[in-house]
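Here's the structure we're looking at; comments come further down.
The values are calculated or read from the model by the stated rules, or taken from the named source; none is laboratory data. Keep in mind that what you see is a predicted model, and the values were worked out from it rather than measured. Glycine gets a Cβ as well: all are built from the backbone with ideal geometry, and neighbour counts include every protein chain shown.
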Amino acid sequence: MNSVQKAIEEEVYQIGYIAENIDPTLDLFNEIATLKREKNAIILAHYYQDADIQDVADYRGDSLGLARQAMETDADIILFAGVHFMAETAKLLNPNKKVIIPDLRAGCSLADSCPPYDFKKFREEHPDHVVITYINCTAEIKALSDIICTSSNAVKIVESFPKSQPIIFAPDKNLGAYINKKTGRNMLLWNGSCMVHEIFSLEKISKIHKEYPESKIISHPECEEHVLAISDFIGSTSALLRYTKESESSSFIVVTEPGIIHQMQMLSPDKTFIPAPPENTCACNECPHMKLNTLEKVYLTLKYERPEISIPSHLCEKALSPLIKMLELSRDLSI
Ligand code: 13P
Ligand code: SF4
């Protein structure tokens, strides 16, 4: 079966399984634990997942932590509770393991903002540039990159090149601009962005800060420059989490996807975490892709071992090489 046929089959399967009624008396936490044991499966969950999913996971983390775990695990099955590019990364690192995802449709607006055909042309127009690509991209884009980075190691990866080296940074223009500022570089930026981090309302964040003047504004570097400019701390999800634990401050306005607040609250039960609101009428700013995954889907995915991630064979080696370079270069980086 080729990869297109496989993708179609997975979609047909998914439509069927979403409709499956789960016995409401089932204790899904127990069922999932049993399935994990029986199948030698591991659940890796990103911090933006629902609290229930984070609670059943064997490991929760940011993109770098999750990639490291995926590389180190000796489980036979990896259930990746996150979005497609993350599960694809786990599959690239484990071509012989089964990698499954609760909802195959869980994409990423940032990854979508970088179509491979256009990116290849862009790269060819700048042959003297090295291509550093944020991990939030498809395997096709990884295969067109020299090295990958995450928000945890981006500065280190960029600084591993001499200042005189021209660099293309893709796909997130906000993270790229932030790193340009931090490292004094002038990297050429792809014009991509994350729909979640771009719609935070500066006005509403400032209003909340006036109500809680002692609170710290903490932001992910995928946010726009004007939001970063008023932030007390900027970092990857794991850096934000660590900051809230170590800070003497007792209240925080959290300017990233609010799923991370579950771990913040667990580590610091006495502190207050206020999710930053977006421009629209919602009170918090959830990633619609991440939130496609549910505990029910985690259970069914583990039970049927599907939907499964597959990567066209011609991409595997090319997309893996810049990922391995990233992992080697940031081996001593603690997150
Ligand atoms: P990190 O968790 O690596 O900071 O990435 C955030 C993100 O946007 C994931 O989609
Ligand atoms: Fe993609 Fe943004 Fe959602 Fe992360 S939060 S998965 S970058 S759309």
Single condition residue 296 does not satisfy, out of (1) in contact (Cβ under 8 Å) with a residue 60 or more places away in the chain; (2) surrounded by 15 or more Cβ atoms within 10 Å (Cβ to Cβ); (3) touching a Phe, Trp or Tyr at 6+ places or on another chain (Cβ under 7 Å): (3)
Taking the stretch 74-93 and keeping only residues that are more than 20 Å from residue 317 (Cα to Cα) and surrounded by fewer than 23 Cβ atoms within 10 Å (Cβ to Cβ), one is left with 74, 75, 76, 77
Going residue by residue through the stretch 105-117, is there one that turns out to be at pLDDT below 95, more than 18 Å from residue 321 (Cα to Cα), touching a His at 6+ places or on another chain (Cβ under 8 Å) and of a type in the set (A, V, I, L, M, F, W, C)? no
Restricting the search to the stretch 53-70, which residues are assigned to a helix (DSSP H, G or I), away from ligand 2 (no atom under 16 Å from the Cβ) and within 16 Å of the chain's Cα centre (by Cα)? 68, 69, 70
Residue 111, sole failed condition from (1) within 29 Å of residue 180 (Cβ to Cβ); (2) without any contact (Cβ under 8 Å) to a residue 40 or more places away in the chain: (2)
From the residues in the stretch 265-295 that are over 22 Å from residue 204 (Cα atoms) and of a type in the set (A, V, I, L, M), which one is nearest to ligand 1 (Cβ to nearest atom)? 290
For the stretch 222-239, name all the residues that are within 16 Å of ligand 1 (Cβ to nearest atom) and free of Cβ contacts under 8 Å to residues at least 60 places away in the same chain. 223, 224, 227, 228, 231, 233, 234
Got at least one residue in the stretch 110-123 being away from ligand 1 (no atom under 16 Å from the Cβ) and in a loop (DSSP other than H, G, I, E, B)? yes
Whether any residue in the stretch 246-253 is acidic (Asp, Glu), over 21 Å from the mean Cα position of the chain (by Cα), surrounded by 15 or more Cβ atoms within 10 Å (Cβ to Cβ) and more than 16 Å from residue 199 (Cα to Cα) is what I want to check. no
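Pull up the stretch 13-31, narrow it to residues that are of a type outside the set (S, T, N, Q), part of a helix (DSSP H, G or I) and farther than 13 Å from residue 105 by Cβ, then point me to the one that is modelled with the lowest pLDDT. So that I can check it myself, show each step before the final result.
Narrowing the stretch 13-31 to residues of a type outside the set (S, T, N, Q): 13, 15-20, 22-24, 26-29, 31.
This time we only want the ones that are part of a helix (DSSP H, G or I), so: 13, 15-18, 28-29, 31.
After this cut, where a residue has to be farther than 13 Å from residue 105 by Cβ as well, the list is 16, 28-29, 31.
Numbers: 16: 62, 28: 96, 29: 97, 31: 97.
Ranking the candidates gives 16 first.
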Pairs under 8 Å by beta carbon, first residue of a type in the set (Asp, Glu) in the stretch 179-206, partner in a helix (DSSP H, G or I) and within 16 Å of ligand 2 (Cβ to nearest atom), six or more apart or different chains? 198/174
Would you call residue 140 under 18 Å from the mean Cα position of the chain (by Cα) and of a type in the set (Asp, Glu)? yes
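If the requirement is being basic (Lys, Arg), crowded, with 19+ Cβ neighbours inside 10 Å and within 16 Å of ligand 1 (Cβ to nearest atom), which of these qualifies: 105, 60? Break it down into steps so the answer makes sense when it comes.
Working: 105 fails: crowded, with 19+ Cβ neighbours inside 10 Å.
Criteria check complete, one pass: 60.
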Turns out the helices (runs of 4 or more DSSP H) fully within the stretch 222-320 with at least 2 residues that are hydrophobic (A, V, I, L, M, F, W, C), at pLDDT 95 or above and away from ligand 2 (no atom under 16 Å from the Cβ) are 261-267, 295-304
